[in-house]
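Okay, structure first, notes after.
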Amino acid sequence: MSEAVAAHYTSTGLDTRKIAFWTFIGSETLLFGTLITTYLLYEGRSVAGPTQHDILNIPLTSVSTFVLLMSSLAMVLGLAGVSEGNVKKARIWLAMTALLGLVFLGFQAYEFTHFVQEGLTITTSLFGSTFFTLTGCHGLHVAVGVIWLSTLLVQSFRGNLGSDKTTTVEIAGLYWHFVDVVWIVIFTLVYLIQRGGGA
Amino acid sequence: MSPHNVETPEYTGPDRRRSSEDEMTEVVSSHPSTAEYVGIAGILTVLTLMEVGVFYIPAFGTVLAPVLIVLSAAKMVLVVGFYMHLKNDANLFSVIFLLPFFLALFVALGLMFLFGAWWL
């Protein structure tokens, strides 16, 4: 194992997997930066309704935001379980993280369905296009995270998630927390700071 | 001789590589405790409640956006610093993350200025 582990290190002394993943997160930052900027540029410029003032449900989204924040807590507790070699603790909290991610996706599915029923689709207006693209892309990232966490759970039941896999779980945690950070920004800029009169 | 048995040249420079045990010890010791993690979650919850609260208070009016951005930035710093361990991790990770972050922020502000959406 030592040979395989040593192969992950560079002259910096840092794990290459973590360097690669932080680089990936940097590129994701640029992706979401682009999507958020596009939303902000077109905000309030729709010529057809409904607008964000008519349709966004702040209480509902506040609850889903809280759910995602708590999933980050569950994730770090799961990582702590893995690093301590406590398989039961790791399983419980990783499963809780995935479950809270699914709950968040449920909120988003409800919100999207409601919006479509209210007449807002991705082709209705600039607001619809930019809103669904941004939040849909984020939701897709949450879904990928849930699948990733599920694979870690399967690994734990196969006995392959010991404390030697701490970095592996930490990298999954980096992804999950980044998705949380993106939602923190979206919740503020899209839901709470609503500009422009729209149609 | 199998290719897998070929010996690699011995590394003679400063040994900056660490064993997996060293790494695990370092990872565990540099990470916050469970109590700290729960405390951070509590602060994040309070900040979120404050965000939603100020949204519904008409008195905030013109300062609503700056207040919300400050609260949001505080939440980001807490998650990135403590949950993503950037606070105690190698500086190189901070550089790798913050360079594109500020590039994205600079481009966003520049585009909003150019397209007349400079209202934040």
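Each value in this text was obtained by applying a stated rule to the coordinates, not by laboratory testing. No experiment lies behind these values; they were computed from the predicted model shown. Backbone-built Cβ (ideal geometry, glycine too); neighbour counts: all protein chains shown.
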- Query: What order do you get for A:110, B:83 when you list them from fewest to most C-beta neighbours inside 10 Å?
  - Reply: A:110, B:83
- Å³ per residue of the Cα convex hull, for region B:32-88? 57
- Principal axis dimensions, largest first and in whole angstrom, of region B:54-120 by Cα: 42, 31, 10
- Message: Please list, in order along region A:182-190, the HN-Hα scalar couplings obtained from phi with the Karplus expression 6.51 cos²θ - 1.76 cosθ + 1.60 (θ = phi - 60°), rounded to whole Hz, x for Gly and Pro.
- Response: 4, 5, 4, 5, 4, 4, 6, 6, 8
- Note on the structure: Looking only at lysines whose Cα falls under 19 Å of residue B:75's and that sit 8 or more positions away or on another chain, we get B:87
- Task: Convert each backbone phi in region B:74-82 into a coupling constant with the Karplus relation 6.51 cos²θ - 1.76 cosθ + 1.60 (shift: θ = phi - 60°), then list the ³J(HN,Hα) values in order as whole Hz, x for Gly and Pro.
- Result: 5, 5, 4, 4, 5, 5, 5, x, 9
- Where the centroid of each part is defined by its Cα atoms, how far is region A:21-78 from region B:78-120 in Å? 15
- Message: Only counting other Cβ atoms within 10 Å, I'd like A:177, A:53 sorted with the fewest neighbours first.
- Response: A:53, A:177
- Query: If we count other beta carbons within 10 Å of each Cβ, what is the order of A:176, A:148, fewest first?
  - Reply: A:148, A:176
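Taking 2.2 N^0.38 Å as the expected size of a compact globular protein, what ratio does the Cα radius of gyration of region A:89-199 give against it, to two decimals?
Rg over 2.2 N^0.38 Å, computed on Cα atoms: 1.31.
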- Message: Can you return the lysines within cross-link range of residue A:165? Criterion is Cα-Cα under 16 Å, with same-chain partners fewer than 8 residues away left out.
- Response: A:18, A:88, A:89
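What does the C-alpha gyration tensor say about the overall shape of region A:12-97? Classify as rounded when a/c is under 1.5, otherwise prolate if a/b is larger than b/c, or oblate.
oblate
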- How high is the relative contact order of region B:32-88, in percent, with contacts defined as C-alpha pairs under 8 Å that are six or more residues apart? 40
- Message: Can you tell me the orientation of helix A:58-84 relative to chain A, as the angle in degrees between its alpha-carbon axis and the longest Cα principal axis, to the nearest 10?
- Response: 10
